[in-house]
1. Looking at the range 35-45, which of its residues are in contact with a Lys or Arg (Cβ under 6 Å, 6 or more places away or on another chain) and loosely packed, with under 13 Cβ neighbours inside 10 Å?
2. Among what's in the range 13-34 and is among the β-branched types (Val, Ile, Thr) and at pLDDT 95 or above, pick the residue that is nearest to VAL57 (Cα to Cα).
3. Given the residues ALA60, ALA78, which is the only one that is modelled with pLDDT of 95 or more, part of a helix (DSSP H, G or I), crowded, with 18+ Cβ neighbours inside 10 Å and touching a His at 6+ places or on another chain (Cβ under 9 Å)?
4. Since GLY32 meets every condition but one in (1) within 17 Å of LYS11 (Cβ to Cβ); (2) surrounded by fewer than 21 Cβ atoms within 10 Å (Cβ to Cβ); (3) in contact (Cβ under 8 Å) with a residue 12 or more places away in the chain, which condition does it not meet?
5. So for the range 63-73 (the condition being among the hydrophobic types (A, V, I, L, M, F, W, C) and exposed (fewer than 13 other Cβ atoms within 10 Å of the Cβ)), does at least one residue qualify?
Amino acid sequence: MIIQHNAGETKGEFYIEMDGIKKAKITYSKLGTRQIIIDHTEVSDELRGKNAGKLLVEHAITHAREHNLKVIPLCPFAKSIIDRNPKLQDVLRK
């Protein structure tokens, strides 16, 4: 699965597209220049059970690390993935 990124001035998303249709996405809002709020994760029925949501969360965390950003996971799905994996928690805002 190829994860793509679309970033605007105040919001962004990572997504998986198949046949020109977004099949899974995770959205975030920028909070200043050093933080992002992960606010929504959505996975189509076609990709459910294939770890698409988890891959998107992990990709968002990698992006945060690469850009020295702190993450606030308001999305319940993203929060549950991060809470279960200590290796993803280094970017959390304390």
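1. Selection gives nothing.
2. Going through the qualifying residues, I end up with ILE26.
3. Exactly one residue qualifies, and that residue is ALA78.
4. Among (1) within 17 Å of LYS11 (Cβ to Cβ); (2) surrounded by fewer than 21 Cβ atoms within 10 Å (Cβ to Cβ); (3) in contact (Cβ under 8 Å) with a residue 12 or more places away in the chain, the lone unmet condition for GLY32 is (3).
5. So in the range 63-73, the residues among the hydrophobic types (A, V, I, L, M, F, W, C) come out as 64, 69, 71-72.
Narrowing the set further to residues that are exposed (fewer than 13 other Cβ atoms within 10 Å of the Cβ) leaves none.
The answer is no; no qualifying residue exists.
The values are calculated or read from the model by the stated rules, or taken from the named source; none is laboratory data. Quantities reported herein were computed from a predicted structural model and do not represent experimental measurements. For neighbour counting, all protein chains shown are included, and Cβ atoms are generated from backbone atoms with ideal geometry for every residue, glycine included.
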